[in-house]
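Working notes, structure below.
Just so you know, all these numbers are worked out from the coordinates, no wet-lab data involved. From a predicted model like this one, the values you see are computed outputs, not experimental measurements. Reconstructed Cβ throughout: ideal geometry from the backbone, glycine too, with neighbour counts over all protein chains shown.
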Amino acid sequence: MKDGWTDRLWIAIQEDGRSDRAISLEAGLGANYLGQTRKRESSPVSDKLNAILDVLGESAAIFVMTGVRITPEGIRAINAISNVPEHLRENAMSLLLALSDESSLPEDLISKAQQISDPEEAQAKPEKP
């Protein structure tokens, strides 16, 4: 885990919006666990940290452990590319990088991508001549 994880844990808990008590209870810990840990300025032990991160969710867990902010969509993208057969990963990555700069893509490729992601909306839009 990257240094500073304890500070990031408290940030993630604050951003979550639930109280220390609510998170502690949902994690299956004592109601005052997070409050007491914060007051003692200590860190949760690994099994309790895992329970807390499970409650906070994947995005918060990645932030706490690495310092990297990632959206649920970003996690979906990572999972998707991880499932691409190894011999096709470089091509998939090139496609994703090209898609990240929509201005450099041909209009017909953008149209096809929109049809794949939302076929109903694509049908509602007339094709350009």
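Between Asp7 and Leu99, take the C-beta separation as r, use R0 = 30 Å, and let me know the FRET efficiency to the nearest 0.05.
Numbers: r = 35 Å, r/R0 = 1.15.
That pair, Asp7 with Leu99, gives E of 0.30.
Pulled fully out, how much extra length does the chain show between Ile116 and Asn32, if you take 0.36 nm times their separation in residues and subtract their Cα-Cα distance?
Details: separation 84, 0.36 × 84 = 30.24 nm, distance 4.86 nm.
Result for the pair: 25.4 nm of gain on full extension.
Out of these labelled values of mean projected area of the Cα convex hull in nm², (i) 11.7; (ii) 7.7; (iii) 37.1, which was calculated from the coordinates shown here?
(i)
Please identify every one of the trypsin sites (Lys or Arg not before Pro) in the range 23-59 that sits in a loop by DSSP and has no more than 12 other beta carbons within 10 Å of its own beta carbon.
none
What order do you get for Val68, Val55 when you list them from fewest to most C-beta neighbours inside 10 Å? Please report the intermediate quantities before stating the final value.
Values: Val68 10, Val55 20.
Final ranking by Cβ density, sparse to dense: Val68, Val55.
Using the Karplus curve 6.51 cos²θ - 1.76 cosθ + 1.60 with θ = phi - 60°, what ³J(HN,Hα) values do you get for each residue of the range 23-31, in whole Hz, with x for Gly and Pro?
5, 4, 5, 5, 7, x, 9, x, 4
Residues of the range 1-26 with backbone nitrogen within less than 14 Å of a virtual label 7 Å along the Cα-to-Cβ line of Thr66, please, listed as ranges.
Under cut-off, by backbone N: 1-3.
Picking from Ala80, Ala113, Ala60, which is most flexible by a Gaussian network model of the chain using Cα springs under 10 Å?
Between Ala80, Ala113, Ala60, it is Ala113 that shows the largest mean-square fluctuation.
As I understand it, the dipole of the chain uses +1 on the Cβ of Lys and Arg and -1 on the Cβ of Asp and Glu, about the Cα centre. Which of Ile78, Ala60, Gly28 lies farthest toward its positive end?
After comparing all options, I get Gly28.
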